[in-house]
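The values are calculated or read from the model by the stated rules, or taken from the named source; none is laboratory data. Small disclaimer: the values here were computed from a predicted structure and weren't measured. Positions of Cβ are generated from backbone atoms using ideal geometry, with glycine treated the same way; all protein chains shown enter the neighbour counts.
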Amino acid sequence: MTFLGILFYMALIDKGEYSNYWGEQVEDSIFGGSSVGLDKVMGLRRFKELRKAFSFQCVEANTGNTDPAARIRPLLNLLKVTGSKYVEVGRDVALDEASIACRSKFGKPLIVYNPMKPTGKYHFRIYMLCCATSWISLNFRLHCVSDITERLDGVTFPEEIRALNEEMAESSSIRKCVLEVVRALYGTRRIVNSDNYYTSVQLLLALLYISKACTREEPYGKQALTFLDM
């Protein structure tokens, strides 16, 4: 996880080539003080060796697993578990979709085509629940053909997965996404802000059945869901 943490840090803090993250940092000479260097976290040579050898385990075709994201599913589920562990989540959270442009042939089962997206017509689509204060991702769902048992394996108990699957059996695909992503907020008195695409009367009725919730109108056509105590 240390190696993956460095990759996430590099995605957030862009310093160019790898060597700029190790050794004396240029910010120290400009602003003074002590900035974050990765020397004490992991050596540059070891990082490059791991970067060369890093790969996800191949899932055999005869195992009966039809999840197109099976190779990275353990990592995705681990991120779901740890997403809110190291941050103090504010009362307001945001629910929306995120797009990551990609035209790789290796990700074809996961790529969605949408000509209206300015960042790329071919992209990965992720339904995300983020803290409105820190912008940290609290929960998410990768858009692909997969079973809820695979998506929540190791995230929650099997009994809760079966119960959630039964509750969402009659729901539409969008309502299923919302119910699955906001699952961890039931009874926490937090406010979920989303646009009208992810809010409907049927969804509110489903949330009322699962957890006490109410909705309110927001400016610019936005909607907000509040999860009350059970």
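When restricted to residues that are part of a loop (DSSP other than H, G, I, E, B) and either at pLDDT below 75 or within 24 Å of Leu75 (Cβ to Cβ) (or both), the range 26-45 contains 9.
The residue that is surrounded by the most Cβ atoms within 10 Å (Cβ to Cβ), counting only those in the range 61-77 that are at pLDDT 85 or above and farther than 16 Å from Val145 by Cβ, is Asn77. Taking the stated definitions as given, is Ser137 over 20 Å from Tyr86 (Cβ atoms), in contact (Cβ under 8 Å) with a residue 24 or more places away in the chain and in the same structural domain as Val182 (by TED's automatic domain parsing)? Against the criterion (over 20 Å from Tyr86 (Cβ atoms), in contact (Cβ under 8 Å) with a residue 24 or more places away in the chain and in the same structural domain as Val182 (by TED's automatic domain parsing)), Ser137 does not qualify. It is to be established whether one or more residues within the range 150-166 are surrounded by 15 or more Cβ atoms within 10 Å (Cβ to Cβ), part of a loop (DSSP other than H, G, I, E, B) and either at pLDDT below 85 or in contact with a helix residue (DSSP H, G or I) (Cβ under 7 Å, 6 or more places away or on another chain) (or both). Within the range 150-166, one or more residues are surrounded by 15 or more Cβ atoms within 10 Å (Cβ to Cβ), part of a loop (DSSP other than H, G, I, E, B) and either at pLDDT below 85 or in contact with a helix residue (DSSP H, G or I) (Cβ under 7 Å, 6 or more places away or on another chain) (or both). Would you check if there is a residue in the range 112-123 being surrounded by 17 or more Cβ atoms within 10 Å (Cβ to Cβ) and in contact (Cβ under 8 Å) with a residue 40 or more places away in the chain? Looking through the range 112-123, none of the residues is surrounded by 17 or more Cβ atoms within 10 Å (Cβ to Cβ) and in contact (Cβ under 8 Å) with a residue 40 or more places away in the chain.
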